[in-house]
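A quick write-up on the structure given underneath.
The values are calculated or read from the model by the stated rules, or taken from the named source; none is laboratory data. Nothing here was measured: the structure is a model prediction, and the numbers come from that model. Here the Cβ positions follow ideal geometry from the backbone for every residue, glycine too, while neighbour counts run over all protein chains shown.
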Amino acid sequence: MASSVEGVVSQPLSAITTTLSRARCQQPARVERMKQSLSMHGQLTPIVVVMRGGTLELLDGFKRYAAARMLGWPTLRATVATFDETGQWAAMLLLNRGPASMTTLEEALVLRELCKTGLTQIEIASLCARHKTWVNRRVGLVERLHPELVEAMKLGLLHPGSARRLLSLPPGNQLELAAVVQNARLGPRDTELLVSLWRRTHDPTARRALLLEPHASLSKHHPETRRTQMDARLSSEGQRLARSLRRFEAVAAETSRRLRQTLPIKDLRILTKVLGAAGKVASRLVTEIGSARRIADASESDGSDESS
């Protein structure tokens, strides 16, 4: 991997090309946060550009570059490096080792570019200081995703997290559910729940209903996804309690569903103590809720109201 690095210099945005962005995903929300950061604090970290054939090619700092263009900035501070074709992709991975820097699917796209250079997966793993299974899993991810969804993800039309949740489906079904996800504006977590419901539902009519009314289906089976407005009259502590009760309702519904399944007697024996402890917690909570309701009912009958 041939490379060299020069000092930080100011570079005009008009002189920087972005063809390497084919291995990155447009993420409008992150770009917007970067735009706010640049507006408030200025550029804290230089971007990295690679010199290739007399042209500056953006290697790292795609969000900073996009945000600066939105702000109308003419220049950005940049570190200029010279890499060969293999080195530029390896450097892109190494510069984004942080937990929130690059999604798993973005890593897969970069690794696919490295595969195109003729390297084996073992050679790529050594180059990137990773285990070969790390490379194999990620290359497998992007190969299992329908090509149309790869493009939608790169263009920012499909969230990378949502795309990853679709990987368990056959390619044709990936397209079908991706259209529902995009139209209903489901996030990654809701996408995961929708895919799970779809896989558990085998009746074609029920599947069509699930896809026609995704929000209603999610709300029915997963109450925590309900899009209800918080009562404005609640105090901040009351709102926290409301969210906690919603989570409890969701967990209780999921627990009830699992308990209704036919479990091996061995599992029930192992879980006896856990089930007993859970029962005591549930019983105590029911008592506390009943006490709170009696206090509320008494307050209402007395005509008292703290908000008046």
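Do you know which residues across region 37-64 are over 28 Å from the mean Cα position of the chain (by Cα) and of a type in the set (Ser, Thr, Tyr)? Residue satisfying the conditions is Thr55 alone. Taking the criterion of being loosely packed, with under 10 Cβ neighbours inside 10 Å and part of a helix (DSSP H, G or I), would at least one residue in region 239-255 satisfy it? Looking through region 239-255, none of the residues is loosely packed, with under 10 Cβ neighbours inside 10 Å and part of a helix (DSSP H, G or I). Filter region 55-100 down to the residues that are small (Gly, Ala, Ser), over 14 Å from Gln11 (Cα atoms) and in contact (Cβ under 8 Å) with a residue 24 or more places away in the chain and list them by number. Of everything in region 55-100, those that are small (Gly, Ala, Ser), over 14 Å from Gln11 (Cα atoms) and in contact (Cβ under 8 Å) with a residue 24 or more places away in the chain turn out to be Ala66, Ala67, Gly87, Ala90, Ala91. Thr117 fulfils the conditions (1) in contact (Cβ under 8 Å) with a residue 60 or more places away in the chain; (2) surrounded by fewer than 22 Cβ atoms within 10 Å (Cβ to Cβ); (3) closer than 23 Å to Arg137 by Cβ except for a single criterion, (1). Restricting attention to region 176-199, the residues being among the basic types (Lys, Arg) and either modelled with pLDDT of 90 or more or surrounded by 14 or more Cβ atoms within 10 Å (Cβ to Cβ) (or both) number 2. Please go through region 151-173 and pick out each residue that is closer than 22 Å to Val110 by Cα and in a helix (DSSP H, G or I). Glu151, Ala152, Met153, Lys154, Pro160, Gly161, Ser162, Ala163, Arg164, Arg165, Pro171 - these are the residues of region 151-173 that are closer than 22 Å to Val110 by Cα and in a helix (DSSP H, G or I).
Residue by residue, here is whether (1) among the polar types (S, T, N, Q); (2) at pLDDT 95 or above; (3) not in a helix (DSSP H, G or I) holds:
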{"site": "Ala91", "(1), (2), (3)": "no, no, no"}
{"site": "Asn96", "(1), (2), (3)": "yes, no, yes"}
{"site": "Ala100", "(1), (2), (3)": "no, no, yes"}
{"site": "Glu107", "(1), (2), (3)": "no, no, no"}
{"site": "Arg112", "(1), (2), (3)": "no, no, no"}
{"site": "Ala125", "(1), (2), (3)": "no, no, no"}
{"site": "Arg130", "(1), (2), (3)": "no, no, yes"}
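Residue count for region 22-67 satisfying the condition of being of a type outside the set (Phe, Trp, Tyr) and in contact with a strand residue (DSSP E or B) (Cβ under 7 Å, 6 or more places away or on another chain): 15.
When you look at Arg33, is it surrounded by fewer than 14 Cβ atoms within 10 Å (Cβ to Cβ) and at pLDDT below 95, yes or no? For Arg33, the condition - surrounded by fewer than 14 Cβ atoms within 10 Å (Cβ to Cβ) and at pLDDT below 95 - is met.
Condition check for His146 on (1) touching a residue at least 24 places away in the same chain (Cβ under 8 Å); (2) closer than 21 Å to Ala216 by Cβ: one failure, at (2).
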